[in-house]
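Q: First the structure, then my questions, so here it is.
Each value in this text was obtained by applying a stated rule to the coordinates, not by laboratory testing. Just so it is clear, the structure is predicted and the values come from calculations on it, not from any experiment. Virtual Cβ from ideal backbone geometry, glycine too; neighbours counted across all protein chains shown.
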Amino acid sequence: MQIDRNRIIDKNQDFILKKVNNFSVFQSFSCGDTDLNDFIRNDAEKHRNELLAETYVLMLQRADVPIAFCSLCNDAIQFSKDQKSFLPEKKRYPYQPAVKIARLGVDENYQKKNIGTYIIGLIKHFFIVDNRTGCRFITVDAYNEDRVLAFYRKNDFQFLNQKDTKKPTRTMYFDLKRLIT
Ligand SMILES: CC(C)(COP(=O)(O)OP(=O)(O)OC[C@H]1O[C@@H](n2cnc3c(N)ncnc32)[C@H](O)[C@@H]1OP(=O)(O)O)[C@@H](O)C(=O)NCCC(=O)NCCS
């Protein structure tokens with residue numbers, strides 16, 4: 001695996017994950033979710049121009065066709081006093097630095113083939129290697145649907161609290177420190 005800043009080439013899998021420059025490649029992309037399709041086709045570029053989110057695309061190296069995308073932005077996570085006990089006492093700041101998976105979509109034809117899991121793995125990698133700033137957690141406001149929550153649970157995300165069980169999305173997080181010995 002070759003990791004450059006903002007780009008990962010996985011020669012074993014023939015995949016490349018890179019920052020999107022040309023958003024027109026997504027015009028025929030569909031992950032089966034209307035809001036996410038609308039975002040990637042019409043809004044993702046505007047978000048980048050406003051410095052609100054950066055979008056990455058997973059492609060097969062030999063074809064210029066997107067298989068999946070994810071948009072990332074900075075975030076901060078606030079734990080309750082009890083939850084913070086896993087942090088060293090002097091590091092229990094009110095907010096902990098995080099990166100948020102703002103949007104994630106896998107092409108309908110590639111779903112349930114571990115592509116989403118593969119991307120989450122790449123994002124985890126991205127934020128423990130060569131960081132410009134401290135980033136301890138990955139967060140996501142996951143659709144409150146069994147299949148989506150199961151997906152993030154499978155990828156070792158935890159629920160932040162039980163306050164959002166009836167909301168359309170649930171906040172989940174992954175502690176990147178788990179990957180650093
Ligand atoms: C959710 C999504 C990103 C998952 O990516 P994926 O590549 O399909 O998922 P993976 O193959 O890596 O993981 C599959 C796991 O996710 C869950 N899952 C994903 N799709 C599922 C479905 N349609 N039905 C049931 N479980 C599903 C299951 O836990 C599954 O594990 P299993 O195969 O052991 O049962 C993708 O299905 C997608 O883009 N969906 C539409 C958009 C969306 O809902 N995005 C999430 C926004 S928060």
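Q: Just to verify a result, which residue in segment 101-138, among those that are within 19 Å of D35 (Cβ to Cβ) and among the β-branched types (V, I, T), is nearest to the ligand (Cβ to nearest atom)?
A: V106
Q: Looking at segment 129-155, which of its residues are assigned to a loop (DSSP other than H, G, I, E, B) and loosely packed, with under 15 Cβ neighbours inside 10 Å? Break it down stepwise before answering.
A: Filtering segment 129-155 down to residues assigned to a loop (DSSP other than H, G, I, E, B) leaves 129-136, 144-145, 155.
Across segment 129-155, the qualifying residues are V129, D130, N131, R132, T133, G134, N144, E145.
Q: Then there is this: Which is at positive phi, touching a residue at least 60 places away in the same chain (Cβ under 8 Å) and touching a Gly at 6+ places or on another chain (Cβ under 9 Å), of G105, G32? Let's see the steps before the verdict.
A: Values: G105 fails: at positive phi.
Unique residue meeting the criteria: G32.
Q: A44 fails exactly one of the following numbered conditions: (1) crowded, with 16+ Cβ neighbours inside 10 Å; (2) without any contact (Cβ under 8 Å) to a residue 40 or more places away in the chain; (3) not in a strand (DSSP E or B). What is the number of that condition?
A: (2)
Q: For segment 139-181, give me each residue that is more than 20 Å from D35 (Cα to Cα) and either of a type in the set (D, E) or in contact (Cβ under 8 Å) with a residue 60 or more places away in the chain (or both).
A: D156, L160, N161, D164, Y173, D175
Q: Another question, then. Going by what's in this entry, would A68 be described as under 17 Å from the mean Cα position of the chain (by Cα) and either in contact (Cβ under 8 Å) with a residue 40 or more places away in the chain or crowded, with 19+ Cβ neighbours inside 10 Å (or both)?
A: Here the answer is yes, as A68 does meet what is asked.
Q: Quick check on segment 85-105. Is at least one of its residues outside any strand (DSSP E or B) and farther than 27 Å from K177 by Cβ?
A: Residues of segment 85-105 that are outside any strand (DSSP E or B), as a first pass: 85-95.
Now drop any that are not farther than 27 Å from K177 by Cβ, which leaves none.
No, there is no match, as no residue in segment 85-105 is outside any strand (DSSP E or B) and farther than 27 Å from K177 by Cβ.
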